[in-house]
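Data first, discussion second: the structure below is written as C-alpha cells.
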Amino acid sequence: MVDLKIIFIPDYRHVNQYQEALAGSLSKHGAAVHFSSFFGMSAVLRTARKYWKPDILHVHWTNPFTTGRSMTMAAIRSCDFIIELLLLRLSGIRIVWTVHNIVDHESKFRSLELFFNKLLARMCDRLIVHCPSAKREVMGIYGVSSAAVSVIPHGNYIGSYENSIPRSAARERLDIRSDDTLFLYFGQIRPYKGVLELISAFEKLNHSNARLLIAGKPLNGKAAAEILERCSGRITAVLRFIPDSEIQLYMNAADVVVLPYRDILTSGAVLSAISFGKPVIAPASGCIADTLDGNGSFLYPKTEGGLLEAMRQALDTDKASLSGMGRYNLGLAGQFDWDGIAGRHCSIYRECLK
C-alpha cells in the first residue's frame, strides 16, 4: 500500500543510477516517487503543482536551481529557490536534502553558494549524508545540530549494470595484454577528480607492464586536449560518455580502479568499483575512508607522493592477491543493499511528517 508521496529534485537519472535505484526500492516500502522534469526559476513550484500534494520534497543536488553566469544571476536564482521551498514548507510539505557535496565542485561563486546552502540546511526537516565523516563536515560547515543530520550509506550497484564479459575478452577488445597490470580511471573527468595528477604519478612508475586507461567524458575540449597530449604507449584515453552497456568492458579488464580525487565528500564511483569486485586506490578522506579499508584498497594520505606510493604498492601486489582484494570489496558492497537503505529513508520521511 502506498502511503507516502515523494518528489525527487532534480531528475539526474540520465547521468546517475543512484536516484533510480533508491526510488525503485522505496516503492517496496510504501513510497511513490515522482521525478521533477523542471529546472531553473520556479522549478520547485511547478513540480509541486504538477504532483500536488507531495508529503516530502527530497532535494538531491541544488546546482540546477542556484547557478548563473554572473554572481547577480546566481543570487537571484538562489533566492528564488529558497523562497519556493519556504512556500512549500508553509503549505505543509516537508523538505529533505541529501547532501552529496558541500558546494558544487565546479561552482563559479563558491562563497555565494555556501551562503545559500547554509540557509537551505536550516530550512530542511532533515539532512541525509552517506557517512559519519560527511556528517561531521556538514555539521561544522553548515552549523546544524547532530539531530538534524542522518547517516544513510550510499547503495551498491550490484546488478545495476550488465556484468557478463570475462576479463580475457574485455582485455582483448581493449588491446590489453593478459600480463599487464591495468590501472583504470572511470567516470566523468572534472578538475577536482585529479586525472592530470594521476597521469603524472603513473609516468613516474617506470614499469613496463603497467598500463593506465582513462575512460569518461571530459568537462570540455580543453580538458580533453590536456589529457590527450599526455597519452603515450602505456596511457590510453577513451574520452566520451561511456554508456551503461559498456561499463563492464572497462571494469572487468582492470586490475585496480584509481580514484585520485583532490577533494571529495561522497563518491558513487567507489561503489561502482567495488560492485564490480575491484580493488581501489583512493585518498583516505571523506566517505571513502569510512567505506573502504586496507583489506580491499590502497588508501593514501593527501600528501605529495601519496598517490604514487599507493600505485607502487598495487604493482608490488601479485595478481592473485589483487583478485582477492576485489572479492573482499564485492562482499563489502553487498552490505549496502538498496532495500535496507530505502527502509531507512522511509523511516526518516515518516519522522518528518510527525
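Each value in this text was obtained by applying a stated rule to the coordinates, not by laboratory testing. From a predicted model like this one, the values you see are computed outputs, not experimental measurements. Because the Cβ atoms are built from the backbone with ideal geometry, glycine has one as well, and the counts that use them run over all protein chains shown.
Within 10 Å, count the other beta carbons around each residue, average over each peptide in 274-283, 93-102, and list them highest first.
Values: 274-283: 24.9, 93-102: 21.1.
The densest-packed peptide leads the list: 274-283, 93-102.
To the nearest µm²/s, what D does Stokes-Einstein give for the range 1-83 at 20 °C and 1.002 mPa s, using the Kirkwood radius over alpha carbon pairs as Rh?
For the chosen part, D equals 159 µm²/s.
Express in whole angstrom the spacing between the alpha-carbon centres of the range 245-317 and the range 21-63.
32 Å
Please work out the FRET efficiency for the pair Arg177 and Asp263, using the Cβ-Cβ distance as r and a Förster radius of 41 Å; give the result to the nearest 0.05.
Efficiency computed from Cβ-Cβ geometry: 0.75.
Just from its helices, what would the mean residue ellipticity at 222 nm be for the chain, if runs of 4 or more DSSP H residues each count -39500 (n - 2.57) and the sum is divided by every residue, rounded to the nearest 500 deg cm²/dmol?
Dividing the helical sum by the residues of the chain leaves -13500 deg cm²/dmol.
Using alpha carbons only, how many degrees (0 to 90, rounded to 10) separate the axis of helix 132-142 from the longest principal axis of the chain?
50 degrees
Can you give the relative contact order of the range 186-268 as a percent, counting alpha carbon pairs under 8 Å and 6+ residues apart?
41 percent
What ranking do Tyr157, Tyr142 get, fewest neighbouring Cβ atoms within 10 angstrom at the top?
Values: Tyr157 23, Tyr142 20.
Final ranking by Cβ density, sparse to dense: Tyr142, Tyr157.
Can you tell me the length gained on complete extension of the stretch Arg136 to Leu87, counting 0.36 nm per residue apart and subtracting the Cα distance? Numbers along the way, then the final one.
Details: separation 49, 0.36 × 49 = 17.64 nm, distance 2.95 nm.
Length gained between Arg136 and Leu87: 14.7 nm.
Angle, helix 221-230 long axis vs. longest principal axis of the chain, Cα atoms, 0 to 90°, nearest 10?
20 degrees
Using θ = phi - 60° and the Karplus form 6.51 cos²θ - 1.76 cosθ + 1.60, what ³J(HN,Hα) does each residue of the range 63-80 get, whole Hz, x for Gly and Pro?
4, x, 10, 10, 8, x, 5, 10, 5, 4, 5, 4, 5, 5, 5, 5, 4, 4
Rounded to whole Hz and in sequence order, give me ³J(HN,Hα) for the range 169-182 from the Karplus expression 6.51 cos²θ - 1.76 cosθ + 1.60, θ = phi - 60°, writing x for Gly and Pro.
3J(HN,Hα) across the range 169-182, in whole Hz: 5, 5, 5, 5, 5, 9, 6, 10, 5, 5, 8, 6, 9, 9.
Please list 3J(HN,Hα) in residue order for the range 279-292, calculated via the Karplus relation 6.51 cos²θ - 1.76 cosθ + 1.60 where θ = phi - 60°; whole Hz, with x for glycine and proline.
3J(HN,Hα) across the range 279-292, in whole Hz: x, 10, 10, 7, x, 7, 8, x, 5, 4, 5, 7, 9, 9.
Any chance you could get the radius of gyration and Dmax over the Cα atoms of the range 226-271, in Å?
12.7, 34
Could you calculate the FRET efficiency of Met73 with Ala320 from 1/(1 + (r/R0)^6), where r is the beta carbon distance between them and R0 is 41 Å, rounded to 0.05?
Once rounded, the FRET efficiency stands at 0.15.
Could you give the length gained by full extension between Lys222 and Leu45, i.e. 0.36 nm per residue of separation minus their alpha carbon distance, to one decimal place?
Gain on extension, Lys222 to Leu45, equals 60.0 nm.
Report for the chain the percent antiparallel among DSSP-assigned beta bridges with both residues inside it, nearest 5.
5 percent
In straight Cα distance, which lysines are under 24 Å from Lys217, not counting same-chain residues fewer than 8 positions off?
Answer for Lys217, where 24 Å is the Cα cut-off: Lys108, Lys193, Lys278, listed by chain and number.
Within 10 Å of each candidate Cβ there may be at most 13 other Cβ atoms; applying that plus a DSSP loop requirement, which trypsin sites (Lys or Arg not before Pro) in the range 102-170 survive?
Lys108
How much of the calculated P(r) for the chain lies past 34 Å, in percent of all Cα pairs?
Roughly 29 percent, rounded to a whole number.
Pairs of Cα atoms under 8 Å, at least six residues apart: use those to get the relative contact order of the chain, whole percent.
Averaging sequence separation for qualifying contacts and normalising by length gives 16 percent for the chain.
Any chance you could list the semi-axes, whole Å, largest first, of the equivalent ellipsoid that the Cα gyration tensor gives for the range 167-334, using √(5λ)?
One finds semi-axes of 20, 19, 17 Å for the range 167-334.
Between Thr181 and residues 5 or more places away or on another chain, which pairs have amide H atoms under 5 Å apart, with H built 1.01 Å from N, and which residues are they?
Here Ala210, Arg211 satisfy the definition.
Could you work out the relative contact order of the range 81-129? I mean the mean sequence separation of Cα pairs under 8 Å and 6+ apart, divided by the number of residues, in percent.
49 percent
For each cysteine in the chain, check whether another cysteine's C-beta sits under 4.7 Å from its C-beta; list those where none does.
Cys79, Cys124, Cys231, Cys346, Cys352, each lacking another Cys Cβ under 4.7 Å.
Which chymotrypsin sites (Phe, Trp or Tyr not before Pro) from the range 1-88 combine a DSSP loop assignment with at most 11 other Cβ atoms within 10 Å?
Numbers: sites: Phe8, Tyr12, Tyr18, Phe35, Phe38, Phe39, Tyr51, Trp52, Trp61, Phe65, Phe81; in loops: Tyr12, Phe38, Phe39, Tyr51, Trp52, Trp61.
The qualifying sites are Trp52.
Expressed in nm to one decimal, what extension gain is obtained for the pair Ser232 and Arg122 from 0.36 nm per residue of sequence separation less their Cα-Cα distance? Walk me through the intermediate numbers first.
On the way: separation 110, 0.36 × 110 = 39.60 nm, distance 5.00 nm.
Gain on stretching Ser232 to Arg122: 34.6 nm.
At Ile242 and Ser208, where each label point lies 7 Å from the Cα along Cα→Cβ, what is the point-to-point distance in nanometres?
The two pseudo-label positions are separated by 2.8 nm.
Treating cross-link reach as a plain straight distance, find the lysines whose alpha-carbon is under 16 Å from the alpha-carbon of Lys5, omitting any fewer than eight places away in the same chain.
Lys28, Lys50, Lys53, Lys354
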